[in-house]
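Novice: The structure is given below, and queries will be raised subsequently.
The values are calculated or read from the model by the stated rules, or taken from the named source; none is laboratory data. The structure presented is a predicted model; accordingly, all values stated were derived computationally and were not measured. No Cβ is skipped: glycine too gets one built from the backbone with ideal geometry, and neighbour counts run over all protein chains shown.
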Amino acid sequence: MSKVVLVTGGARGIGLGIVHAFAAAGHRVMIADLGHADADWNYNLADANQVQEALEKESAVGEVDACDVDVTNFESCQKAVAATVERFGGLDILVNNAGIVNSGPISEFDEGDWDKIFAVNTKGIFLMSKAALEALKASGDGAIVNTASIAGKEGNANMSAYCGSKFAAIGITQSLALELAPFNITVNAICPGIVGTAMWLEHLIPSNTMDEDKKNENFEKSVTSMIPLGRPQTTEDMGQAALYLATARNVSGIALTVAGGMTMS
Ligand code: NAD
């Protein structure tokens, strides 16, 4: 049966992979993303509508639409949920995927960056889930999927803000799984390993070239040897995992690692 899905951070990267997976399975998907530029964090995204057009050109896809959301703002979250309910008649699945990264030693790490990372990666899950709660209850068959990370299962040097925000995302996932089970709402997380999105290519891989091919080549080289299954993860891998977790009706409270065997918890 076709479900209504809202994907935050759905305009590019992993979120877009999740949008594709749900749309290809015949679900109706609202792509919710920043409608304004955030140049400091390299989020210059007014292109959610282009995504919608591209998806509509593919054969055998469910319906898609796009709306603005800033997950750090409760009113904006409420508006995105209302836009979804108005457009598609309800909401069954919320994918809290929006996220940002910054790294650096604690001695130099900026307090404002710490707050911003937690505002998006952690509080954003709280605000969106709260805004969507009544619609998910009304669904009778609701699901929340949070994009956490392998960084939410093991710490990394110079990544205390990001890792802390993702450990918290898993804690929220487990708590809401228990709290919302009486409403038949499942709550799970995916923990991506290494996916070659802007998060890696623009933020985490130090690069001295703006040549896109070189950037991709450097990324492949530096991560492949770390991954037992021999390749970085793809946005399609994440779409597949999110679709599974959102539709498996007796799975709740898990944080599913999708990392090619690199991490086994
Ligand atoms: P990305 O930068 O390509 O996508 C992030 C998306 O989130 C963007 O579309 C951005 O506009 C959106 N976003 C940022 N702030 C927002 C806000 N305040 N409100 C709404 N949307 C906002 O990066 P990605 O790799 O696709 O990341 C997606 C998720 O996957 C994030 O939660 C990230 O932490 C997680 N993740 C990524 C990797 C990886 O290897 N790329 C690994 C583990 C986890």
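Novice: Evaluate the following for residue 66: is it at pLDDT below 75, closer than 28 Å to residue 201 by Cβ, surrounded by 18 or more Cβ atoms within 10 Å (Cβ to Cβ) and within 13 Å of the ligand (Cβ to nearest atom)?
Specialist: For residue 66, the condition - at pLDDT below 75, closer than 28 Å to residue 201 by Cβ, surrounded by 18 or more Cβ atoms within 10 Å (Cβ to Cβ) and within 13 Å of the ligand (Cβ to nearest atom) - is not met.
Novice: Could you tell me whether the stretch 36-57 includes any residue that is polar (S, T, N, Q), within 17 Å of the chain's Cα centre (by Cα) and at pLDDT 90 or above?
Specialist: No, the stretch 36-57 contains no residue that is polar (S, T, N, Q), within 17 Å of the chain's Cα centre (by Cα) and at pLDDT 90 or above.
Novice: Look through 183, 219 and report the one residue that is under 27 Å from residue 78 (Cβ atoms) and aromatic (Phe, Trp, Tyr).
Specialist: Selected residue: 183, the only one of 183, 219 that is under 27 Å from residue 78 (Cβ atoms) and aromatic (Phe, Trp, Tyr).
Novice: Restricting attention to the stretch 149-165, does a residue exist that is away from the ligand (no atom under 16 Å from the Cβ) and among the small types (Gly, Ala, Ser)?
Specialist: Within the stretch 149-165, one or more residues are away from the ligand (no atom under 16 Å from the Cβ) and among the small types (Gly, Ala, Ser).
Novice: Please enumerate the residues belonging to the stretch 120-157 that are under 24 Å from residue 105 (Cα atoms), out of contact with any Pro (no Cβ under 9 Å at 6 or more places or on another chain) and part of a helix (DSSP H, G or I).
Specialist: Residues satisfying the conditions are 120, 121, 122, 123, 151, 152.
Novice: Right, another one. Applying the selection to the stretch 216-253, what residues are under 12 Å from residue 186 (Cα atoms) and within 16 Å of the ligand (Cβ to nearest atom)?
Specialist: Hits for the stretch 216-253 are 245, 246.
Novice: Same structure, new question: Please go through the stretch 70-110 and pick out each residue that is within 13 Å of the ligand (Cβ to nearest atom), part of a loop (DSSP other than H, G, I, E, B) and over 30 Å from residue 156 (Cβ atoms).
Specialist: none
Novice: Pull up the stretch 69-100, narrow it to residues that are within 15 Å of residue 34 (Cβ to Cβ) and of a type in the set (Val, Ile, Thr), then point me to the one that is surrounded by the most Cβ atoms within 10 Å (Cβ to Cβ).
Specialist: Across the stretch 69-100, the extreme among qualifying residues is 69.
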